[in-house]
1. Taking the condition of being of a type in the set (Phe, Trp, Tyr) and open to solvent by 30 Å² or more (accessible area, probe 1.4 Å), how many residues in segment 207-233 meet it?
2. Among the residues of segment 221-242, is there at least one that is touching a Cys at 6+ places or on another chain (Cβ under 9 Å) and not in a helix (DSSP H, G or I)?
3. Mind checking which helices (runs of 4 or more DSSP H) fall wholly inside segment 104-181 and carry at least 2 residues that are in contact (Cβ under 8 Å) with a residue 60 or more places away in the chain, open to solvent by 50 Å² or more (accessible area, probe 1.4 Å) and at negative phi?
4. Answer yes or no as to whether LEU56 is touching a Lys or Arg at 6+ places or on another chain (Cβ under 8 Å) and either charged (D, E, K, R) or at pLDDT 90 or above (or both).
5. Tell me whether segment 195-214 contains one or more residues that are farther than 18 Å from LEU66 by Cα, in a loop (DSSP other than H, G, I, E, B), free of Cβ contacts under 8 Å to residues at least 40 places away in the same chain and of a type in the set (Gly, Ala, Ser).
6. What helices (runs of 4 or more DSSP H) lie completely within segment 1-97 and have 3 or more residues being farther than 30 Å from ILE163 by Cα, open to solvent by less than 60 Å² (accessible area, probe 1.4 Å) and in contact with a helix residue (DSSP H, G or I) (Cβ under 7 Å, 6 or more places away or on another chain)?
7. Looking at segment 182-203, which of the residues that are among the small types (Gly, Ala, Ser) and farther than 23 Å from LEU227 by Cβ is most open to solvent (accessible area, probe 1.4 Å)?
Amino acid sequence: LDWLALQFIASNWNVQELLTLMVSSATYRQSAVATPTQLAKDANNTYLSRGASYRLQAEMIRDNSLAASGLLSPKIGGASVKPYQPEGLWKEKNEFSGYLNTYEPDSGDSLYRRSLYTFIRRTSPPPSMITFDAPQRDICTMKRETTNTPMQALVLLNDPQFIEAARMLAERMQKEGGNDMETQAQFAFRTLCGRRASNSELQLLKDQYQRALQKYNQEPFAAEELLQVGEFPFDESLNKVETAALAMVANTIMNFDESYMKR
């Protein structure tokens, strides 16, 4: 820490340079999986012999999915925004303010702003963020809890924001990931998890793709419904059945723990 402090001063208090230095260091980039030797010599990780392991915060999970899909807005600053929320979200609350009587999601670029800009009503915060242990803002929270519940998987599988991100990532897989399903799956896996998929993981994704492809070939209306989730328009130049099948692969990778865990 003393050395980092001196580097910070020497860089003329350049915060970006400091953060880059920290996250690119060998200490930060090492695995959280401890070897028997590491456990014997540094059981409490006093000497930083291994990395930390924790689930990303609610805002990071959403932003990571949007960034992978290409939807995340780079805009900095501005007013709060209202992304997708369940219909009738505020109806059950007694209100004296007409402004907060009905939740109406924004449209366009505002749907894809960083979670930092999400409008939060203290008596009715965004359900998806609360599911991932974001504080409710009605009391002071010194440290967030970290839970692991089935509801979190349901959010990643069914929330319109994640479904839309998955189908947009499926479009990226076809445009940027190569001409065959294997390279496209690797592209999505690296984008979401930061590493290449193993042979066994890749085979599972290929098997899922084939099952989804068969389903959507038999039920093209289901593929149509999937590609209509979210406001961002579908690229009509792409095959709808193949895109829907790849969207299921992308959604599966989003639910893989390495896409929302730091190890």
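The values are calculated or read from the model by the stated rules, or taken from the named source; none is laboratory data. Since we're looking at a predicted model, the values are computed, not measured. For neighbour counting, all protein chains shown are included, and Cβ atoms are generated from backbone atoms with ideal geometry for every residue, glycine included. All accessible areas refer to the heavy atoms of the entire protein, side chains included, with ligands and DNA or RNA removed. Shrake-Rupley method; radii C 1.70, N 1.55, O 1.52, S 1.80 Å.
1. 2
2. Going residue by residue through segment 221-242, those that are touching a Cys at 6+ places or on another chain (Cβ under 9 Å) are none.
Checked segment 221-242: no residue is touching a Cys at 6+ places or on another chain (Cβ under 9 Å) and not in a helix (DSSP H, G or I).
3. Values: elements: 127-131, 150-158, 160-176.
Per the criteria, 160-176.
4. Numbers: touching a Lys or Arg at 6+ places or on another chain (Cβ under 8 Å): yes; either charged (D, E, K, R) or at pLDDT 90 or above (or both): yes.
Against the criterion (touching a Lys or Arg at 6+ places or on another chain (Cβ under 8 Å) and either charged (D, E, K, R) or at pLDDT 90 or above (or both)), LEU56 qualifies.
5. yes
6. Numbers: elements: 2-10, 15-23, 26-29, 36-41, 58-69.
Correct list: empty, since no element meets the threshold.
7. Just the residues of segment 182-203 that are among the small types (Gly, Ala, Ser), to begin with: 185, 188, 194, 197-198, 200.
Retained after the next criterion (residues that are farther than 23 Å from LEU227 by Cβ): 194, 197-198, 200.
Working: GLY194: 67, ALA197: 11, SER198: 46, SER200: 82 Å².
Out of the qualifying residues, it is SER200.
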